[in-house]
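Student: Below you'll find the structure I mean.
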Amino acid sequence: MQSLQQKASEWSGVDQTDAFAIDEINLFEKLGKQTFINLSTHFYNRVYDDEQEWFRSIFANSSKEDAIQNQYEFFIQRMGGPPLYSERKGHPALIGRHRPFPVTHEAAERWLQHMQQALDSTADIDSDSKTKMMNFFRHTAFFLVAGNEMKNPNQGVPPPCKHATSKTSTN
């Protein structure tokens, strides 16, 4: 049986080594707190304005301000900064915290589209850091999908994601 990390790598198209390259450098020290606040603000502005009601509804039970704070505090903590998230909310426990939500392949891809746009619009993040962060986000999004499928094992395994197949495409 595949581990969640193996499923995440398979479905995301991101090898674990690339996903955790964020640990090779302290991105919090490199980028600073405000950068993560800006990234999360850009991201949630997009999410809460998403044209797809099914996607917006995933976030309907939290305020945009709370969502922004939860995300930037988690990012800061995970990328080398102080444990702001854990001090306020406890252990991140990503799968458990996301269990109430429909974390599907489609939702992960939509989330990642918004995150890529947010990264692209956050000018103070250099290209190498953006690549490392996006690899981490892509792998983690599909780690959560795998965790969701543990909850709902009859969902079946979807085809590989578009991102993974586009890497091998010769077109």
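The values are calculated or read from the model by the stated rules, or taken from the named source; none is laboratory data. All figures in this text were calculated on a predicted structure; none of them were measured in a lab. Cβ sites come from the backbone with ideal geometry, for glycine too, and all protein chains shown count toward neighbours.
Student: Every residue in the stretch 112-130 that is in contact with a Leu (Cβ under 9 Å, 6 or more places away or on another chain) and assigned to a helix (DSSP H, G or I), please.
Tutor: M115, A118, L119, S129, K130
Student: Pick out the one residue from F59, F43 that is closer than 16 Å to W111 by Cβ and touching a residue at least 40 places away in the same chain (Cβ under 8 Å).
Tutor: Numbers: F59 fails: touching a residue at least 40 places away in the same chain (Cβ under 8 Å).
Answer to the selection: F43.
Student: Has the stretch 69-77 got at least one residue that is out of contact with any strand residue (DSSP E or B) (no Cβ under 8 Å at 6 or more places or on another chain), over 19 Å from L144 (Cα atoms), surrounded by 12 or more Cβ atoms within 10 Å (Cβ to Cβ) and modelled with pLDDT of 95 or more?
Tutor: Checked against the condition, which is being out of contact with any strand residue (DSSP E or B) (no Cβ under 8 Å at 6 or more places or on another chain), over 19 Å from L144 (Cα atoms), surrounded by 12 or more Cβ atoms within 10 Å (Cβ to Cβ) and modelled with pLDDT of 95 or more, the stretch 69-77 yields at least one hit.
Student: Out of the residues in the stretch 79-89 meeting the condition of being modelled with pLDDT of 95 or more and surrounded by fewer than 19 Cβ atoms within 10 Å (Cβ to Cβ), tell me which one is farthest from A141 (Cα to Cα).
Tutor: Step by step, filter the stretch 79-89, then rank; the result is P82.
Student: Here are some conditions: (1) part of a loop (DSSP other than H, G, I, E, B); (2) loosely packed, with under 13 Cβ neighbours inside 10 Å. T17 meets all but one. Which one does it not meet?
Tutor: (1)
Student: Further, regarding this structure: Output the number of the condition that H139 fails; it satisfies all remaining conditions of (1) modelled with pLDDT of 95 or more; (2) in a loop (DSSP other than H, G, I, E, B); (3) closer than 15 Å to W11 by Cα.
Tutor: Looking at each condition in turn, H139 falls short on (2).
Student: Please verify whether the stretch 37-46 includes one or more residues that are in a helix (DSSP H, G or I), basic (K, R) and more than 18 Å from M115 (Cα to Cα).
Tutor: no
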